[in-house]
Amino acid sequence: MIKNEVLLRSVAPMSVLAAGAFASGVLAVATGLAYGLALVLLTGWGLRRSGRGAFGPADWITFARAVLVGCAAELIAAGGHQLWWLVGIVAVALAMDGFDGQVARRTGTASEFGARFDMEVDAFLILLLCIQVSRTLGLWVLAIGLMRYAFVAASWALPWLTAPLYPSMARKTVAAVQGVVLVVAVSGVFASGVTFALVVAALGALVWSFGRDTVWLARHRVAPSEPGRIVEITRTTLRRPHGAVWRGHNQAA
């Protein structure tokens with residue numbers, strides 16, 4: 001009887017670990033399948049809506065990034081135990097960001113569909129990284145990944161939020177910083193205190209960026225059907241007194 005109890009005590013933890021690993025594997029596979037199906041359906045819907053019949057050269061680069069994001073989603077769903085695989089895949093996906101835009105401009109195939117596709121892939125990747133980082137720093141990190149989706153949800157009630165925004169190097173920089181900081185946080189290369197401070201700073205920068213753009217849109221209330229007014233307002237409001245165009249944080253250099 002005693003031997004049986006000892007055997008059960010030694011086998012039980014192993015059984016729990018095995019069950020957990022199996023559950024994680026099932027969740028990872030389910031995540032991959034759901035992501036792949038959503039990717040195919042949503043890109044197909046986007047192409048039909050835009051009136052395009054197929055991907056352009058840049059869209060294929062974005063699609064490759066989307067596949068990498070799907071791999072990252074599977075790893076995170078599995079528990080994120082294969083940390084360096086996750087960091088490597090995400091680093092490649094982030095490094096490829098921008099290539100699709102360059103290809104689109106050089107081949108003359110830039111489109112609203114391509115820009116939206118790229119933006120959605122970026123947004124979902126940031127959300128995935130937030131999920132992984134939140135496992136160690138807390139659920140507050142999800143605010144970074146959910147902020148863009150909250151902005152979109154708010155635009156359903158406030159249509160003026162959907163108007164195009166003026167070019168901004170600061171906005172691009174803040175967006176890029178989010179990915180870099182979250183990858184660093186996932187990798188665990190810094191002490192927890194340093195990582196915490198970096199993520200807090202990234203969240204603060206994002207709140208500032210969204211807040212600034214929201215205030216600008218609220219002040220000007222440009223209708224989505226009048227994108228030309230964005231250019232006019234930008235030229236009017238972002239000039240110095242002597243006529244020189246302001247090249248600070250409100251406009252891309």
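The values are calculated or read from the model by the stated rules, or taken from the named source; none is laboratory data. Please read all numbers here as calculations on a predicted model, not as lab measurements. Reconstructed Cβ throughout: ideal geometry from the backbone, glycine too, with neighbour counts over all protein chains shown.
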- Matching entry among 208, 160, 156 (being at pLDDT 95 or above and more than 21 Å from residue 89 (Cβ to Cβ)): 208
- Kindly check whether there is at least one residue in segment 144-156 that is more than 15 Å from the chain's Cα centre (by Cα) and either outside the structural domain of residue 219 (by TED's automatic domain parsing) or hydroxyl-bearing (Ser, Thr, Tyr) (or both). yes
- Residues within segment 83-111 that are surrounded by 14 or more Cβ atoms within 10 Å (Cβ to Cβ) and not in a helix (DSSP H, G or I), tallied: 4
- Query: Which one of these is under 22 Å from residue 176 (Cβ atoms) and either touching a strand residue (DSSP E or B) at 6+ places or on another chain (Cβ under 8 Å) or touching a residue at least 60 places away in the same chain (Cβ under 8 Å) (or both): 91, 66, 73?
  - Reply: 91
- Per the filter on segment 17-37, residues loosely packed, with under 13 Cβ neighbours inside 10 Å and modelled with pLDDT of 90 or more are 30, 33, 37
- So is residue 146 hydrophobic (A, V, I, L, M, F, W, C) and outside any helix (DSSP H, G or I) or not? no
